[in-house]
Amino acid sequence: MSADQFTAAPSRRDFIKTTTAATLGLSFAPMMPGAYASGTDAIRIGLIGCGGRGTGAVLNAFEGAEGVKLVAMGDAFADRVASSLAEIGKEHAAQIEVPKDRQFVGFDAYKHVLASDANYIILATPPGFRPIHLAAAIAAGKHVFTEKPIAVDGPGIRQVFALVEQAKAKGLGVAAGTQRRHQTGYLETLKRVQDGAIGKIVAARCAWNQGFLWKKDRQPEWSDVEWQLRNWLYFTWLSGDHIVEQHVHNIDVVNWAMGTHPVAAHGMGGRQVRTGPEWGHIFDHFSIDYEYPGNVHLHSQARQIQGCEGSVSEALVGDRGQCQVDKYAITGAKAWKFDGKDNAPYVQEHTDFIASLRAGKPLNELKNVTESTLTAIMGRMSAYTGQPVTWDQALNSTEALMPPSLTFGPMEVPPVPMPGRTKLT
Amino acid sequence: MVKRGTVLAACGIAALAAGQPPSTYTETIPGTRVSFEMVAIPSGHFTMGSPATEKGRTASEGPTHDVELRAFWIGRTEVTWDEYDLFAFSMDLERPSSAQPRPAPPSGADAVTRPTPPYGDESFGYGKGKQPAINMTWHAAMEYCRWLSAKTGKTYRLPTEAEWEYAARAGTTTAYSFGNDARALGEYAWTRENSGERPHPVATKKPNAWGLFDMHGNVSEWILDQYDAGYYRTVQPGTVGPVLLPGNHRFPHVSRGGSWDDEASLARSAARRGSAPDWSRRDPQSPKSIWWHTNALFAGFRVVRAVEEQDNLKGFRSAITRDSSQ
C-alpha cells in the first residue's frame, strides 16, 4: 500500500474515489452545451427546502453526474435560501444559475420554483409538506428527487399513492431519499437474502435508537408557526414524529427484504425524558410489533434519549440462517460477509436517477417509499392510541395533520398523545 | 520487555524540565466520578520515523530523524465514552435524577461549545462505557481537550506526532514496541486479525514498556499535527518538539496507531495516516458536521499534558468552523 493510498483509504471498506473524482473534475468545468455525449441533457435543479439536507442533495447531484446545475430555489425563510446559496457557492459557483428573481421565499415558494425552467426538482422541506409539493411537481410535469419520509398522515399517503401511476403515465421519474437502496453493501447483502441465503424469513428486528437531536432556541421575533417550522422535528404535523422521520430508513430495509409491507402494528411508546416544551409534543421512544403476511413479525424500536444504548440496525432471521443487514453479514449454512468497496449512497442515488432520466427510462421509487412511510405511520398510530392498527385503518385514516391554511402567526402545540385515551381517527 | 530506566540511560537522556521529574497521576473530572490516568514521560530524544528496510513502511515515514522532547504526561488509555460523553452530550451538567440537562452558565468549561448531536448512533452499536470514543472529528477532539482543561485547571491537549511516536516506541527502535515480529501483535493490540471487526474496551491487551495501552491498535488516535507526507524531509536535525501546526482546513490531520479495522503494517510505531474528506462521506448535510465523522469508526484519541509547554503550542486551538473548507 502506497503512502497516498494509506491517506485516502484508511479502511478496506473505504471508497476510493477514482471515477467520482474524475466526474467531479469535469463538473467543475464551465457548462458547455454540446460538451456532453448524446443523451446527457442538462439537469436543471429546482431546490424546494434549502436546509442542510437540501443543500447536501444539490451537492450530491453535482458530484453524481455531469451537466447538472442549480437554477431555482425556494424556502419558507429567506435566511435558508441565502445560507444554502453561500454553501453551494463555496466550491460550485460555476454551477449556480439562480439570480434573485429565481430565489423564492414563503409558503408558496414551491409554486414559483415549479413554474421555472427547472427539470429536476429536489423536495427537502419538512415532510408534512411533501404530498402537496409532490402533487404540484407531478402536475407541473417535473422529474422529482424527494427526501423521505413521503407524508405524515393517512390523507397525505393516499394523495401520494395516487401519484405513483400519474407520474408513470406522464413519463416522469420519482426518486426517493431512501439511500440504503443505492448503497453497495445493502444491495449485495439483500440480493443474497432474496436468493435464499437464509431461507425463508421468519422474523426480523430493526432499530434507530440514538440520543437527542438538535433544536433551535426560540427567538423573541418568531411567531408560533415560525418556531415550530424551525424546530420541525418535534411536531407531528411537520415530521410525523421520529419513528416516521428517522426510523423509516430501517423499516424500509425490512420491507425491501420481505418484499411487502406489514398488515398490522401493535405498538407502544411514550414521552419519558424529553419532556420540556422546547421539544414540542412528540414521543421519545417507540417499540412496535409489526405483523407481516404469514404471521411473520418484525420488532422495531425507535428511541431518541440521551445516555442509552445506541443502535441503528436491521436484522433478519431465516429458517436457514440470519442476516445482520447493516453489517452486511450473513451467518448460517451460506455464511457470507461483504468485503468489497462500499459507495457513497447519497451521491449514487442521484447518479442512478439521472442515468435513468437520460436513458429515457425514468426510475419510479414512489411506491416503496410510500409503503415504508405508511408502515411507520401505522406504528405511530398504534403507539399513540395503544390499540392495534391495521394497514387499511392507517391508509384510510381521516386524520389530516396539516392545518387547512398556514400563515405566520399563533399556533397551539397539539397535546402529547396519551395511549388508552387518544383515539384513532 | 525493556525497562524504562535502562532505555533512558542508553539514550543518554538529559532532563529538560527543571525541578522534580513528573510522576504518574490519576485525574478525576470535577463534578463526576469519571477518572483517567496520566503516565509521566521523561524528557529525552529518539529516532523518529522508520528505516527503509522496515517491512510495511511507506515513504512518508522517512527520512528518520533525531527528535528531542520535553517531559510530558500521556493518557494511559484512549479516551473512553465515559469521558467523552461528559463533554459531547453535556452530561457533566446533568443532575442524576433530573430529566433535563440544566442550561449551561457561560463561564469556564461551560463556555466551550459542545458538539451538535449526530443524526444517528455515535457508538455504532459497539456500546459505550469503557469502549474508546470513536468517529469524532479532529476539531472535536481538540475542543474536548479545551473543555477538559477548563474543567480541571490543567492544560490538556492532543499529542504532537513526535510525542506520540516517542511514547509508542517506549525506547524501542523496532517496528512494534515489542519487536519486529507482527505475530506477537495480538498480545498487545486489537487489529483486523483479532478484533472481530469492532473496537474493544480500553486496556484489555498488554501495555508497552512505559505502561501505555492500545498504542498499536483498538482505535487510531488523533494527533495535533497537520498531515504532510513530506514533512519529515523538512525537520531540522535536533529540533526540540517538532510540530506541524494546522490551519483552518478540515483535512488532513495526522492519526496514529493501528485500529481494530487495520492490518498489522498500519499498527507499526512509525506508521502515519492523514484524515480525508471520505471520513465524512455519509454525512447527508451540507455543510457537513465539524464534530462527527460518519465513516471514521476506527478513529479516537488520547490526551497529553506538557510539564512545561513549548512556546508555539501555548494557547493553540482549532481554527475550524462550519465555514471551513476541506
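Points to keep in mind about this one:
- Semi-axis lengths, Å, the protein assembly as shown, gyration tensor of Cα atoms, sqrt of 5 times eigenvalues: 47, 28, 26
- Per-pair calculated FRET efficiency, R0 = 41 Å: B:Asp311 and B:Arg33 via Cβ, rounded to 0.05: 0.65
- For A:Val413, the solvent-accessible surface computed with a 1.4 Å probe is close to 60 Å², ligands and nucleic acids excluded.
- Protection proxy ranking for A:257-267, A:69-79, using the average of other Cβ atoms within 10 Å per residue and placing the highest first: A:69-79, A:257-267.
- Ordering of B:291-300, B:29-38 by burial proxy (mean other Cβ atoms within 10 Å per residue, highest first): B:291-300, B:29-38
- The range A:323-425, accessible area per residue, ligands and nucleic acids excluded (1.4 Å, Å²): 47
- Normalised by residue number, the volume inside the convex hull of the Cα atoms of the range A:336-425 is 248 Å³ per residue.
- Accessible carbon and sulfur surface of the range A:101-153 relative to its total accessible area, %, 1.4 Å: 52
- The 3J(HN,Hα) values that the Karplus relation (6.51, -1.76, 1.60; θ = phi - 60°) gives for the range B:52-62 are, in residue order, 4, 7, 6, 5, x, 6, 10, 4, 5, 8, x Hz. Gly and Pro appear as x.
- Accessible area (Å², 1.4 Å probe, nearest 10) - A:Leu406: 40
- Within 10 Å of the Cβ of each residue in A:203-214, the mean number of Cβ atoms contributed by other protein chains is 3.
- The orientation-averaged shadow of the Cα convex hull for chain B, equal to a quarter of the hull surface, comes to 16.3 nm².
- Couplings 3J(HN,Hα) for the range B:182-192, derived from phi with the Karplus relation 6.51 cos²θ - 1.76 cosθ + 1.60 (θ = phi - 60°), are 5, 5, 8, 4, x, 6, 10, 8, 8, 10, 4 Hz, where x marks Gly and Pro.
- Euclidean distance between Cα centres, the range B:252-314 to the range A:292-348, Å: 28
- A:Phe145 long-range amide H proximity, modeled H, under 5 Å: A:Ile121, A:Ile122, A:Leu123, A:Ala175
- Where Rh is the Kirkwood radius over Cα pairs, Rg/Rh for the range A:244-332: 1.02
- Test item: B:270-282 mean partner chain Cβ contacts at 10 Å: 4
- Between A:Asp224 and A:Glu309, the FRET efficiency estimated from the beta carbon spacing at R0 = 56 angstrom works out to 0.95.
- Convex hull volume of the range B:144-204 per residue (C-alpha atoms, cubic angstrom): 129
- Remark on the range A:326-348: accessible area falls by at least 10 square angstrom from chain-alone to full-complex state for A:Lys327, A:Lys337, A:Asp342, A:Asn343, A:Ala344, A:Pro345, A:Tyr346, probe 1.4 angstrom.
- Full extension of the chain segment joining A:Ala139 with A:Asn295 gains 52.2 nm, where the gain is 0.36 nm per residue of separation less the Cα-Cα distance.
- For the pair A:Leu406 and A:Thr331, the difference between a 0.36 nm per residue extended length and the Cα-Cα distance amounts to 21.8 nm.
- Working note: Karplus 6.51/-1.76/1.60 with θ = phi - 60° gives the range B:264-277 the couplings 4, 5, 7, 8, 4, 4, 9, 5, 10, 8, x, 6, 8, x Hz, where Gly and Pro are set to x.
- Among the listed pairs A:Lys341/A:Lys367; A:Lys142/A:Lys170; A:Lys90/A:Lys216, a Cα-Cα separation exceeding 20 Å is found for A:Lys341/A:Lys367; A:Lys90/A:Lys216.
- Pairwise centroid distance, computed over Cα atoms, of the range B:47-65 with the range A:121-167, Å: 58
- Chain B - percent of accessible surface contributed by carbon and sulfur, probe 1.4 Å: 52
- Three principal axis extents of the range B:175-262 based on alpha-carbon atoms, in descending order, are 37, 30, 20 Å.
- Its DSSP H runs of at least 4 residues, each contributing -39,500 (n - 2.57), put the calculated 222 nm mean residue ellipticity of chain B at -4000 deg cm²/dmol, to the nearest 500.
- Computed from the C-beta positions of A:Arg421 and A:Ala78 and an R0 of 56 Å, the FRET efficiency is 0.85 to the nearest 0.05.
- Along the axis of the charge dipole computed for the protein assembly as shown (Cβ charges of +1 for Lys and Arg, -1 for Asp and Glu, origin at the Cα centre), the listed residues B:Tyr144, A:Gly280, A:Trp208 are led at the positive end by A:Trp208.
- Cβ-defined net charge surrounding A:Ala118, 11 Å radius [Lys, Arg +1; Asp, Glu -1]: +2
- Theoretical ellipticity at 222 nm over chain A - DSSP helices of four or more residues, -39500 (n - 2.57) apiece, nearest 500: -10500 deg cm²/dmol
- Cα centre as origin, Lys/Arg/Asp/Glu Cβ charges: the protein assembly as shown dipole, Debye: 560
- For the range B:109-164, the fraction of C-alpha pairs farther apart than 20 angstrom is 37 percent.
- Association of chains A and B removes close to 3600 square angstrom of accessible area from solvent, both sides included, for a probe radius of 1.4 Å.
- Net charge over other residues, Cβ less than 14 angstrom from the Cβ of A:Gly409 (K, R count +1; D, E count -1): -4
- Among the listed pairs A:Lys111/A:Lys423; A:Lys215/B:Lys128; A:Lys334/A:Lys361; A:Lys111/A:Lys148; A:Lys69/A:Lys327, those beyond 26 Å (Cα-Cα): A:Lys111/A:Lys423; A:Lys334/A:Lys361; A:Lys69/A:Lys327
- With 20 Å bins beginning at zero, the pair-distance distribution over Cα atoms of chain A amounts to 25, 58, 17, 0 %.
- Take each residue of peptide B:118-127, count the partner chain Cβ atoms within 10 Å of its Cβ, and average: the result is 6.
The values are calculated or read from the model by the stated rules, or taken from the named source; none is laboratory data. For clarity, every value in this text was computed on a predicted model and none was experimentally measured. Positions of Cβ are backbone-derived with ideal geometry, glycine not excepted, and every protein chain shown enters the neighbour counts. Only protein heavy atoms, including side chains, enter the accessible area calculation; ligands, DNA and RNA are left aside. Shrake-Rupley method; radii C 1.70, N 1.55, O 1.52, S 1.80 Å.
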